[in-house]
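A.B. asks: Before we start, here is the structure in question, set down as structure tokens.
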Amino acid sequence: MPDTTAARQVARRFAVSVVFVAASFVSVPVAFALTGVASPPAPSAAPSALLPGLNVPSPRPTAPDITDRTDGTTASGPVRAQPAHMPFYVATRGQTTIYLLGTLHVGYPDDYPASMPFRAPILGALDASPTLALEISPDDLLVSQDEVSKYGTCRVPCLQRALPDALWKRLEARLRSNPAMLDDISRSRPWLASMLVETVDTIKAGFQTEYGSEAQLQNVYLRPRGRVVGLETISEQISAFTRLTQAQQREMLEQDLVQTPAENIADVKELHRLWRIGDADALKAWDDAKTEKIARSKVLAAQIDNRVVYDRNYRFVARTVLLAAPNRPIFVAIGALHLGGKRGVLALLRKRGFVVEPA
């Protein structure tokens, strides 16, 4: 099957809980019909403003970015786009500091204005941190497409055999206008088919992977001798889905087909809006309410969340704490839905004695 990176998109809760490789095996004609081609953003200026106590020089002035969209006008001219607020927190325990950013793996250009792609406290924290920790490392991301294809696809069409006839017919009806996509999805396991259905709606909403938080963070993380690491391997991440039972995987796909594409697009945009505001607990509460609404089986839905979200939260926290050291801050950037809630990363850090505050 032809390879492409153009359709590495995921939607709603999986857009912010797993890496954006789910749709990496979609064939080139399908992906380009859905997404088109966009150029990656240029590397941004060095960090400027600081968190309290950080001593980092200000950057050289940059020329105005005339390509930024504006949200309106004033008497003096256009209102310049501002970076998204994003969920951003500082956890401290003694001399140990952990910076935590809730990411979206897809985004819009307006989320990261070229003149200042992140808020001043985020840029200052990046500059102060010898280590940037993502869900998976850049090296793992390079091989992720092969791993997704290996564990998420079949050599011949197999999805129809894995689904009840009624569910397969609903999927056929949803993709009737896109036979090439249906052909690709027919060779996927149910968990990946679910993510690909969500992918279609995410792409229709205009989101792009080059404006995902991780890509933009690596554009500005220019610290000499700084290192970028992963908090889990690509095998561990994919196993969160491959270890789901067939019933659980079918529940995922059922949820994706409950609403119309227009309703799913509206949800993606609402999630993005809440992410821009930057309250991790509000984000998680919204997503929990959404799951409650669309779940076909509450029991199966809870089991999926345990595997895909909460088990990984414990792993993220354990490995973050191992990487953290006194007077050597670590900057952690993981899907925003992993942060908030009673079993979120912020709560788990508090249980370990950290003081966690928004920044």
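Bear in mind these aren't lab numbers, they're just calculated from the coordinates by the rules spelled out. Remember, it's a predicted structure, so these values are computed and weren't measured experimentally. Because the Cβ atoms are built from the backbone with ideal geometry, glycine has one as well, and the counts that use them run over all protein chains shown.
A.B. asks: Mind listing the phi-derived Karplus ³J(HN,Hα) values for the stretch 117-131, rounded to whole Hz, using 6.51, -1.76 and 1.60 with θ = phi - 60°, and x for any glycine or proline?
C.D. replies: x, 10, 4, 3, x, 5, 4, x, 5, 4, 5, 7, 9, x, 10
A.B. asks: Of the cross-linked pairs K204/K342; K293/K351; K269/K293; K204/K284; K169/K284; K284/K351, which ones have a Cα-Cα span greater than 28 Å in the structure shown?
C.D. replies: K204/K342; K293/K351; K169/K284
A.B. asks: Let me ask another. Hand me the trypsin sites (Lys or Arg not before Pro) from the stretch 190-285 located in a DSSP loop with no more than 14 other Cβ atoms within 10 Å, in residue order please.
C.D. replies: R225, R243
A.B. asks: Here's something else I'd like to know. For the peptides 342-349, 289-296, 102-109, 313-320, what is the packing order when you average, over each peptide's residues, the other Cβ atoms within 10 Å and list the highest mean first?
C.D. replies: The packing order, highest mean first, is 102-109, 342-349, 313-320, 289-296.
A.B. asks: Once the piece of chain linking N178 and A289 is laid out straight, how much longer is it, given 0.36 nm per residue of separation minus the C-alpha distance between them?
C.D. replies: Going from the current span to full extension adds 36.9 nm.
A.B. asks: Count charges around Y221 for me, please; just the other residues with Cβ under 11 Å from its Cβ, Lys/Arg as +1, Asp/Glu as -1.
C.D. replies: With Lys, Arg at +1 and Asp, Glu at -1, the net is 0.
A.B. asks: Taking 0.36 nm per residue of sequence separation and subtracting the Cα-Cα distance, how much length would be gained by fully extending the chain between K351 and R328, in nm to one decimal?
C.D. replies: Taking 0.36 nm per residue and subtracting the Cα distance, the gain is 6.1 nm.
A.B. asks: Right, another one. At q = 0.13, 0.21 Å⁻¹, what log₁₀ I(q)/I(0) does a Debye calculation on the Cα points of the stretch 144-274 give, no solvent, two decimals?
C.D. replies: Taking Cα atoms of the stretch 144-274 as identical point scatterers yields -0.66, -1.34.
A.B. asks: For A133, which sequence-distant residues (separation of 5 or more, or a different chain) have an amide H within less than 5 Å of its own amide H, given hydrogens modelled in the peptide plane?
C.D. replies: Under 5 Å from the amide H of A133: V229, F331, V332, A333.
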